[in-house]
Each structure stands twice: as C-alpha cells, then as structure tokens.
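Trainee: Could you have a look at this structure, given as structure tokens, before my questions?
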Amino acid sequence: MNKTLALCALSASLLLAGCQSINTTSGGAVGVERKQYMFSMLSSQEVDQMYAQSYQKTVGEASSKGVLDKSSNEARRVQAIADRLIAQTPNFRPDAAQWKWEVNLIKSDELNANCGPGGKIIFYTGLIDKLQLTDDEIAAVMGHEIAHALREHGREAMSKAYGIEMAKQGAGALLGLSQDSLALADTVANYGMTLPNSRENENEADLIGLELAARAGYNPNAAISLWGKMSKASEGAPPEFMSTHPSSSSRTAALQAAIPKVMPLYEQARKY
C-alpha cells in the first residue's frame, strides 16, 4: 500500500471512529426516520454557540442600521406565529423546550427567513410583503426553518465537512499543529453555516415543518400555496438536477402526499 492510500485509509478510519449514528428527532406523523451521522467531537452546544455569535452580529447590525423591527404589528404577528410553533417542537424533541429561542424581524426586501441552531429565528419583511403571505403561509415557512434546527442539519453538514477536510489534509492535520486545527475549524464552520441544505434535508424540513404548523393550528394546505408563490418569485431558477433544493413540482407532490397524515392534527388543534 503506498503512502497516499495509507493516509486515506487512516483518515477514513479516524472519521468513522469519530462519528456517531443518531436520530435528532422523533419521526412524527410524517415519518422522518433517517439516521444521521454526527462528528462526536462537534457537540450540539458548540454548534449552537458558534451560530449564536453570528446571529447576534446580524441582529446587532440590523439594529444599528435601524431596520430591526421589534414593535410593529407585523413584528407582533411574526412573534405570535413563532410562539405557537415553538410550543409544538417538543413533539419532535423534548429538549427543544429548554432552547433559548429568539425571533427577530428585519426590514429588508430579501425573500428569506431562517432558523439557526439552538432556535434563533430571523424573518425578513420582504418575504411577507412581496408574497402577501397569510398567517398560515408564514407558519409554513417558519415551520420549515424550525425543522432544520430541530434536525440539526447545520451540525450534520459541518460533520460531513470535517470528514472532507480531514481526508484532504490527512490524519496529521487532526493531530498536528494548532494552526492547522484552527484552519480546519474555520473551513468547517463556513461550510456548515453558509452552504444550502441538501435535497434530503430540505424534504425532511418540509415534512416536519408541515406537521409543526398543523399541530399549531395552521392549515397545512398553505404549504402548497406558499411554494407556488415562491416558485413564481424565483422563475428562471436552475432545474432540480443542478440544484440542492427540490424542484417546485417534486416538492409540491411530496407535501400533497403528506397532508392527509397531518390533517387530523390540524383539525384537533382547531377545536381548542
């Protein structure tokens, strides 16, 4: 065996030894049961702390620019929807009840929203105003983003990045100089925080988000109208095989198939 093959074999063995197979959430009515492989040296708490710093920087910059909306009717509307969804998160993972959830609305034309590790939510007014979103549609977006946090998709991506970088740099980088270790950590953090989610992760977020919204008393059919609006707003986007996100047609089909599973939860929630 030559040195390159030996190094690759050692890197692979170190990666496998450092990974653990887990399922971050229960399957729910929608049946998300995929096992996830997480790098054991990268804890949920560490990822939460890394993202919290980035989140606070974003919120701080928005505040300094006068675009952080904390008091308008729209801000109260977003907070109220978030509160109802957050109350349902323990159905998928009980520890989410102890997360330090935050919700902030930023005045921007950007069609975007996200929920980072540990329950840090940002919504942009452009998404609501330009698409004229109903409460049910806002819940569909927010439920989808919360689902990414519950499933720890960011940590999962960072774990994969550790494997890639370890293989590239060799086992020596993991055990060697602190400077190499810092460079590796920076690369992994950037990978996990900035790159889009995989199609598989997007599908999981769609399904769990659908159930969260239904349990909170929001009509699951709004997910269909939401993605229809998003599709129109993003005309000219690359086809599915060139993108990390599902195409509008396949996403809609998967959601339509799942709606009957969560409709009883919605109907039960509407009774109270």
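Bear in mind these aren't lab numbers, they're just calculated from the coordinates by the rules spelled out. Computed from a predicted structure; not experimentally measured. FYI the Cβ positions are ideal-geometry reconstructions off the backbone, even for glycines, and counts take in every protein chain you see.
Trainee: I'd like the distance separating the alpha-carbon centroids of segment 73-88 and segment 105-153, in whole Å.
Mentor: 11
Trainee: Run the quick spin-label model on residue 41 and residue 80: label points 7 Å from Cα toward the beta carbon, then report their separation in nm to one decimal.
Mentor: 4.9
Trainee: What ³J(HN,Hα) values, in whole Hz, does the Karplus curve 6.51 cos²θ - 1.76 cosθ + 1.60 give for segment 219-224 when θ = phi - 60°, with x put for Gly and Pro?
Mentor: Per-residue couplings from phi come out as 4, x, 5, 5, 5, 5 Hz.
Trainee: With the alpha-carbon atoms as the only input, what is the per residue convex hull volume for segment 62-117 in Å³?
Mentor: 101
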